[in-house]
Amino acid sequence: MGKTETIAQILKEEVIRGTYPVNSRFPSEYELSDRFGVNKKTVNKAVTLLVAEGFLERGRGGKGTIVCATSKFPKHHVVYLGSLRQSYFAKLGDGIQMAALENNSIMSVVTPTIEQFHSVLQNLNNSNIDGILTSSYGLLPEMKKPVIYMEDQNGDIKYPDYVACDSYSAGYNLMKEIISRGHRNIVLLFHFMNNPKRLHGFYDAMKESGITDYKERTFMSMEFTVEESNMLLSQMRRKFPGFTAVAACSDDDIFRVIRSMQHFGLQWEGKIAMAGFGNIPEISSFYPIATVEQYPVRIGRHAYKKLLQKIVNPELPVRELIDTELINADNIPVIK
């Protein structure tokens, strides 16, 4: 390390320790050259390095150099690999960004298409980012950067390091609430990319209540279309006529069932319980459904903090579950 870099490192450490408070005047080049026994040109280069890193700002009109930060900005640069189009995922991003800014760091959002996916991952691997937080992109291939997933499982995919909501307990508690209100003729809707722990929570609550044909009552969804929902609703009505409750593993699936109810001219409000996951305001604010609040902002904040630990210790296992809350349980009709 040369003289310039050595002096810059000493001065930076002093700024970080608070030797020179924010908005205070930094020692002049005359003072620094006398202190370190070097010429002003060498000191000027050292100060320029600190200016480039954002610690100092050169004043104008003879005001000298001012201390503008006592820590490097950004301290960390992380990437949220996910979409912001749906409110749930946007809230995950909000949580990450809040925690990052509190840590004097920044977050970038990257939403590649399927065609761009592998080249984007390669670029992230070769970039100077510190880590990745991700949702809805499945299991990433071997990455050089630490990765935290914001779901513990999707379909058959289990993630190695995650911060997620407690899907099993949420499903169990939701189904217990439905059953406690007198419902026995219940049908379940499960999309193959949902978290199966939610479905297992449904199953265990039904089994405890003596509803043993829960697997026959499960209707599998493979698409995200109203047309498929129309077909599944027809199957539900044919196989379990007079069902009084539909429990799904996402609010989106419940929304498609509601659309299908409207398509067939069925009056479900106040008669058939509709329950999902996500507390998506575009759905739960307009339709009388019960839903599970997964607290995505909290998940995002906590995932960021765990990522910082993973950056320092890449071998650290991260497996954290966040508590959920049942919302709008009063929307579940009581069967007398």
Order these peptides, 285-291, 12-18, 72-78, by their mean beta-carbon neighbour count within 10 angstrom, highest first. 285-291, 72-78, 12-18
Two-site FRET efficiency, ARG259 against ALA52, from Cβ-Cβ distance with R₀ of 41 Å, rounded to 0.05: 0.15
Quote the charge dipole size of region 251-328 about the Cα centre in Debye, to the nearest 20; the model charges only the Cβ of Lys and Arg (+1) and of Asp and Glu (-1). 240
For region 214-232 and region 76-153, what is the separation of their C-alpha centers, rounded to whole Å? 31
With θ set to phi - 60° and the Karplus curve 6.51 cos²θ - 1.76 cosθ + 1.60, what are the ³J(HN,Hα) couplings of region 71-83 in order, to the nearest whole Hz, using x for Gly and Pro? 8, 5, 10, x, 5, 9, 10, 10, 10, 9, 8, x, 9
Within a 10 angstrom radius of the beta carbon, how do GLU177, GLU269 rank from fewest other beta carbons to most? GLU269, GLU177
Candidate values [x] 23.3; [y] 21.4; [z] 20.8, label of the one derived for Kirkwood radius over Cα pairs in Å: [x]
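Expressed as a whole percent, how much of the Cα-Cα distance distribution for region 103-151 exceeds 18 Å?
Working: 299 of 1176 pairs.
Counting pairs separated by more than 18 Å, the tail of P(r) holds 25 percent.
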Compute the acute angle (0 to 90°) between the alpha-carbon long axis of helix 296-312 and the principal axis of greatest extent of the alpha-carbon atoms of the chain; round to the nearest 10°. 50
Could you calculate the contour length gain from SER169 to VAL109, that is, 0.36 nm times the residue separation minus the distance between their Cα atoms, to one decimal place in nm? 18.5 nm
log10 of Debye I(q)/I(0), alpha-carbon scatterers only, for region 187-300 at 0.12, 0.17 Å⁻¹: -0.40, -0.82
Honestly region 1-88 on the Cα gyration tensor test (a ≥ b ≥ c root eigenvalues; a/c under 1.5 rounded, otherwise a/b vs b/c for prolate or oblate) is just prolate
Could you compute the FRET efficiency for LYS158 and ILE10, with r as their C-beta to C-beta distance and R0 at 30 Å, rounded to 0.05? 0.05
In degrees, nearest ten, helix 251-263 long axis to first principal axis of the chain (Cα): 40
Give me the distance between the Cα centres of region 1-46 and region 285-321, rounded to whole Å. 42
Spin-label point model (7 Å from Cα, Cβ direction): what's the ASP330 to GLU282 distance in nm? 2.7
Mind checking which of ARG298, ARG35, ARG198 has the largest fluctuation in a GNM of the chain, springs on alpha carbons under 10 Å? ARG35
What does the charge add up to near SER167, with Lys and Arg as +1, Asp and Glu as -1, over the other residues with Cβ less than 11 Å from its Cβ? -1
Please determine, in degrees from 0 to 90 and to the nearest 10, the orientation of helix 3-17 with respect to the longest principal axis defined by the Cα atoms of the chain, where the helix direction is its Cα long axis. 60
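Values in this text are rule-based calculations from the coordinates and carry no lab data. Here the structure is a predicted model, which is why all the values come from computation and not from measurement. Neighbour counts run over all protein chains shown; Cβ positions are idealised from the backbone, glycine included.
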